[in-house]
Each structure stands twice: as structure tokens, then as C-alpha cells.
Amino acid sequence: MNSTFQQVQAIASDIFGVPAGTITADSSPETIENWDSMQHLNLVLAIEERFGVQLAPEDIEQMNTIGAAAALVERRLHSSAR
Amino acid sequence: MAAGHDVINLREEIDRLIAEGVAEKARSRMTELWRREPGSATASFIASRIDQIRDQLALVKFKLAILRSFTVEPIVLLLRTEAFVYGIDLEVHVGEFNTYVQDIIDANSFLYRFAPTAVVLAVRVEEAAPDLASGFADLAPDAARQAAERVVRTFEQSVSVFRQHSQAALIVHSLAPPSDPSLGVLDGQSEVGQSGLIRKINAELRRVAESFRGVYILDYESLVARHGSQRWHDERKWLMARLPISADHLLPMAREWMRFLVPLTGRTAKAMVVDLDNTLWGGVIGEDGATGIKIGPEYPGAAYQALHRALLDLSCRGVLLAICSKNNLDDAMEALEKHPGMLLRPKHFAALRINWTDKAQNLREIAQELNIGVESLAFLDDNPFEREQVRSVLPEVIVIDLPKNPLEYAAAVRDCPVFERLTLSAEDQQRTAMYAEQRQRTHVEQTFQSKEDFFRFLEQEAELEAVSDLTLARVAQLTQKTNQFNLTTRRYTEQQIAEMAKRPDWHIFSIRVKDRFGDHGLVGVAIAHDLGEQCEVDTFLLSCRVIGRTVETALLAHIARSAAERGCKRLVGRFLPTRKNAPARDFYEQHGFQRQEGNGTGSLWALDLNNSPLRSPEWIKLKVHDGGKN
């Protein structure tokens, strides 16, 4: 099974149209050209669909790197498992 | 997540196929990827790949404008991929938030310059009638009623102006009543409560839509209810991004739009071919026998009966049913004819292929027998192996992925947009019976000495008339659906036909045919356009079920005669070849026209009306109703 980070990386690769290999935990709107507000929304929606979680408005604001996004998903998955 | 590696490999394969220039194969793998993993990420992936290979694929181009009061962009992303799967290359223009009224009123707005084929008006109660949404509790009953009337009036005026500027189809979202009305249970006690008024608006929207051509209501209230209002909506996304629909329901929204777009593009299925064992009934007839198979009002047979009912519903919409099954004919027929639990009987099927031949071959034969293209067939089979075989041999066939659980069969069929119809003619509803009559005719034809003998025996009666309000829908439908005997294959919407009919230099005829075996209904259309002393045949088409019975000669003779009566000296017509219309190729030549010019894209033919030998065949009894100008 892929790690959460790898899955988020794959989603980001689809959404931003860049190879998964070039996406790191530090990748952000500054390093990824296509990461605008509309693609940010698509990233959020794709993550919610794929992991079956709902992200809070605060989460979505803080989700400014791929690493941060993966960490948020982990947190949501744990809190819903309890 | 078990599929994780598979779908990653599939993406790599797609990119490799694109790099190698094998676009069709890449397309079928993209469809496969979408089937396995539909969603925003996959849609982004596919959208960027479509951009790379668009020019190498035979896709139907379609322009859609969306006027809206909320964020639709993520839904549009999914919609474009759904459309791609159905062979449609969708170009979408999305209007600004809540500017729909001014976009519609302003003749120079981007909406009209974009020249869409269809427009979706996606507006919520909250924006269309804010008083009826959050502010309802403060509202006096009279003010509430007036607010509702205002919504309807604005809508009616908007549609009316829209029709002056555009002939595009208009798809309007109805309004969804609130899941938590301001007055609580009290709201349910009054016709003019919050929910009551919103439902009243919806009823009025339907009335207005019905009074215009090509205006359709998308029943948003039912759509939301089907999925559950609380699950459908996502208040957080609304506040953050003006997106009121939750991530899980963006795809159902896109698919609901598809149910309108598929029939508008004509990418519909004309026939549904079904398997028998474990599809139309539970079990295997050859092993379990008629007493062992499961079909009836009780579970588990009830699941299959629900599928029968769904198929009967399709049949009422004019979709032909056919059987393709690997079985001994006698075993299968016994169950079909005699099993008490069956709702579908042999008379419901227009073609049967019950044998041990491979299914792709049988599907080809069924298409031939029904006189339709293979791309007009949908295929329903519980066996993934058969589905895969058909997909690989006949990629044009619409293969429906039947879920594993028979309880979900009926829904899988009902959800399929290729069976949607936006109008229904009397012909649609009787189609299966017509095909049964056709089988008899073919049988009789084989026993006659000469063609003429057969034509006389048929006792054909044809009624010719100018297009009218009553026939408009069917005439437009025929221009959209007829592929084989169609000389120019020009597609027209109802609105375009209506516009043409108003002009004095255009003449639109339809022909109805019946014979001793039954009524074929309205089966032919001819459109003539006067250009001074010359009359040009813009459109000439005939449904394939009457081709070759000289009805075409009667129709052409009528155009020639009426053109001569209007003082035209020459009748000209074009043959524009397509992949399908070879049956019409020699039509003008056979009727004494002289070839004027020809090149790769078609040929032009002319007939001198002063000494034309063209006459309607004596064996057809012809009635002409001249609707005034023609």
C-alpha cells in the first residue's frame, strides 16, 4: 500500500500536471506554476474524494505545501478512526 | 487503494501510447482509467491528455455555456471527462457569478458571441430568491407570494429574450427547497410555506419551459433528494469557495448534465442488446432449467424483474431491445415464452441472436438486421469477459458495466445517459411493433416475382405535408438521427426548423407512410430552398425502414412538382458523402439528374424542371396536404 504522502503526491501530479517525481514535501504554490486558487480547490476536492475525509476551512488555508496536505490527511484519517 | 499501482501503470501506458501516436488506443485506456477511478484528480490528468490528442480523434464538438450563481468549475472538469467518454469534445464557457440576467439581455454579451449549442442555467434559491431562502421567517405571506411571482416573471422574460438571440437548447435547474425550513414542521402545513412556494415556482418554471421550444427543466429538487440533501450540500465549501455541493456529489451533478448533453449531441443508443443467463434472469437456463432460474416478484427473482421493468421503460422511449446470448435456442425460448415471472416476452425484442457464435459477430448482425450502426448499440452482459471481448473488437458499442449485485442492475441501466430522450414522438413509442411488422414484410418480399409486384402488393399510402407544430419535433429528430439515407446529413434543432419554416423561400416537407402491414409513421423529410429560378434541395432523408420501396421517388417528385409550380426552372441537389450514407449515393443519378460538379467533398446534381420525367410511382397512393405556402 502506498503511503499517504505518495497518494497525495500522485493526486497533486494529476491536478498540477507535473511528474510525481518532481513533487516533494516542500512543493508549494511558489514552486508549482499551476497551483492557483482554482487548482487549490481541485486539490482539496480530490483529496476529500480519495480519502473520504472532509477538510475544515482552516485546514484548507494551511494546506500550503504537499507535505502539509499529507499531514492534514493523516490527522483527519486518525480523528475519524477514533 | 489495492488498485493504486494498476491505475498508476495505466497512466504511464496512456502517456506512452500518446508519445507513440496511437491516439485511439490511448483514448480507450483513458476511458478505462475513468471507469476505474472517476474523480477530480483523474479528470485533471485526462483533461490535459485530451488537449494533446484532440485533433487525432473523431470526437463530436459541442459548445456549452453555463450561467450560474455558484462555483461550477470543478464540476465542469468532471463533465468534460464524462463527455469525452461518450465521444464528445466539450468546450465550456462559464459566466460570471449571478450575471445571468444581464448576459441574457445583452445581445452582445459573451454568451451569444460564444455561440453555444446548449446553455445550462444553474441558479439556487438563495440567489434567485434570497427572500425565500434565509429571510423567509421575516416575510409577510403576501410579500412571500410576490417574491415567488417575481422569480417566475424574471425567468419568463429571460427565456423569451434568450430565444430572440439564440436557438441553443436551454437547460434550467429547478429550485431545491431548504432541508431546514425557517418555520420547522409548520412549513409543511401550508401551501404557501417556504417549501410550498418553491415547489410552486418549480411548477411555473415547467409551464414556462413547455411554452418554448428547446427549453428543458433539470429537476434539481429530485436530484438533491435522491442523494440526500444533507449529504449533497457542503456548507463549509459554500462559505469558502462558493461551492455548495460536497466533493462526493460533484460527479452526480456532472452526470445529470450529461443526461441532457448526450441526447442533444445525438450520441444516444437506439438499441439495447441484453444477455440472458444471470442478466435477464438469475442462473443458467441450460443447467438450471426453466424451474431453476430466478425471475419473479420475490427476492432474488425480483432484482431481475426490476431490470425487466427498466428495459420496458426504455422500450417505451423508443429504444429497441434485442437478445444476444450463448444458449440453446429452444431452452431460452421456452423460458422467454412460458416462464410466469418474465415481464419481457419475445414480442418485446426486435432481434434475437441465441446461439454459440461470438458476441461481437452477433452484435454486428443485430445492427444490420435493425438497420442501425454498431455505434447505436448498447450491450448489457453480466460476464466481464464478454464485455471485454466486445470492447476490444467493437469499440464503438456502448458497453454497460453491470455491477456484481443483481439488485443494482436496474439502476445501472436507468442511470445510463445514452437512453435519455428530450422529446418523445408517437413513432418512438411504437418502434418495437414496427420492427416486428418489418420482419413480416421482409418475409413476403422474398416470395414475389418482380419488385413491382411486391410494391403493388404492399398498398403503400403516403401523406405529404408541410412541417407544422405537430411534426416539428419529429422532423428535427430525423435530421439529427438519420445517417444512412441522408443526402446532406445537415443536423437541425427544432428551433432552427421552426425559424426556417417561417421564411417564404424555404419549404419543409414531411412524409408519412403506411402499408398493408402497418403504419411506419413520419419517416421522411425534405427541405427545399428557392434561389431565384433555381430550387435547391437542402436536406433529403428517409428513415432506413422504408428505403427501397420507392417512397423516396414520391417525395422527390413532389419537391420537383411544387418547385415547378412556384416558377422554378431547375432543381439542384448535393450529395455530401459521410461514412454512413453510401445508400443515398446514386439517388440523383437514378432519378435523371445531371452531374454538375464533383470533388472529394461531394457532388452537385441538377434537373431541368421544364421536361422532367420525374413522377411519383403509380403504386403509391399519395395524399398531399398543402400547408398554405408550399
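The values are calculated or read from the model by the stated rules, or taken from the named source; none is laboratory data. Note that the structure is predicted; figures quoted are calculated from it, not measured. Here Cβ is always computed from backbone atoms with ideal geometry, including for glycine, and neighbour counts include all displayed protein chains.
Hand me the list of helices (runs of 4 or more DSSP H) wholly inside the range B:416-493 holding 1 or more residues that are acidic (Asp, Glu), surrounded by 17 or more Cβ atoms within 10 Å (Cβ to Cβ) and at pLDDT below 75.
Counting at least 1 such residues, we get B:426-445.
From the set of residues in the range B:105-129 that are crowded, with 21+ Cβ neighbours inside 10 Å and assigned to a helix (DSSP H, G or I), which is modelled with the highest pLDDT?
Ranking the candidates gives B:LEU111 first.
Tell me the residue from B:ALA209, B:ALA303, B:ALA247 that is surrounded by 15 or more Cβ atoms within 10 Å (Cβ to Cβ), in contact (Cβ under 8 Å) with a residue 40 or more places away in the chain, among the small types (Gly, Ala, Ser) and within 14 Å of chain A (Cβ to nearest Cβ), please.
Details: B:ALA209 fails: within 14 Å of chain A (Cβ to nearest Cβ); B:ALA303 fails: within 14 Å of chain A (Cβ to nearest Cβ).
When all the criteria are applied, what remains is B:ALA247.
Listed residues B:LYS294, B:LYS270; which is surrounded by 20 or more Cβ atoms within 10 Å (Cβ to Cβ) and either under 18 Å from B:ARG353 (Cα atoms) or touching a strand residue (DSSP E or B) at 6+ places or on another chain (Cβ under 7 Å) (or both)?
Result: B:LYS270 is the single residue among B:LYS294, B:LYS270 that is surrounded by 20 or more Cβ atoms within 10 Å (Cβ to Cβ) and either under 18 Å from B:ARG353 (Cα atoms) or touching a strand residue (DSSP E or B) at 6+ places or on another chain (Cβ under 7 Å) (or both).
From the list B:LEU139, B:LEU132, which residue is surrounded by 14 or more Cβ atoms within 10 Å (Cβ to Cβ), free of Cβ contacts under 8 Å to residues at least 40 places away in the same chain and of a type in the set (A, V, I, L, M)?
Values: B:LEU132 fails: free of Cβ contacts under 8 Å to residues at least 40 places away in the same chain.
None of the other options fit; the residue is B:LEU139.
For the range B:604-624, check the following and say yes or no: at least one residue is hydroxyl-bearing (Ser, Thr, Tyr), out of contact with any Phe, Trp or Tyr (no Cβ under 6 Å at 6 or more places or on another chain) and assigned to a loop (DSSP other than H, G, I, E, B).
yes
If you check B:GLU191 against the conditions, is it at negative phi and either surrounded by 13 or more Cβ atoms within 10 Å (Cβ to Cβ) or within 14 Å of chain A (Cβ to nearest Cβ) (or both)?
Considered against the rule, which asks whether it is at negative phi and either surrounded by 13 or more Cβ atoms within 10 Å (Cβ to Cβ) or within 14 Å of chain A (Cβ to nearest Cβ) (or both), B:GLU191 comes out as no.
Output the residues belonging to the range B:99-114 that are more than 9 Å from B:ALA65 (Cβ to Cβ) and either β-branched (Val, Ile, Thr) or in contact with a Lys or Arg (Cβ under 8 Å, 6 or more places away or on another chain) (or both).
Selection gives B:THR99, B:TYR100, B:VAL101, B:ILE104, B:ILE105.
Restrict the check to the range B:584-596 and report whether at least one residue is more than 30 Å from B:GLU375 (Cβ to Cβ) and touching a residue at least 60 places away in the same chain (Cβ under 8 Å).
There is no residue in the range B:584-596 that is more than 30 Å from B:GLU375 (Cβ to Cβ) and touching a residue at least 60 places away in the same chain (Cβ under 8 Å).
In this structure, is B:GLU82 in contact (Cβ under 8 Å) with a residue 60 or more places away in the chain and among the charged types (D, E, K, R)?
yes
In this structure, does B:THR539 turn out to be of a type in the set (Val, Ile, Thr), in a loop (DSSP other than H, G, I, E, B) and either closer than 20 Å to B:GLU465 by Cβ or in contact (Cβ under 8 Å) with a residue 60 or more places away in the chain (or both)?
So B:THR539 fails the test.
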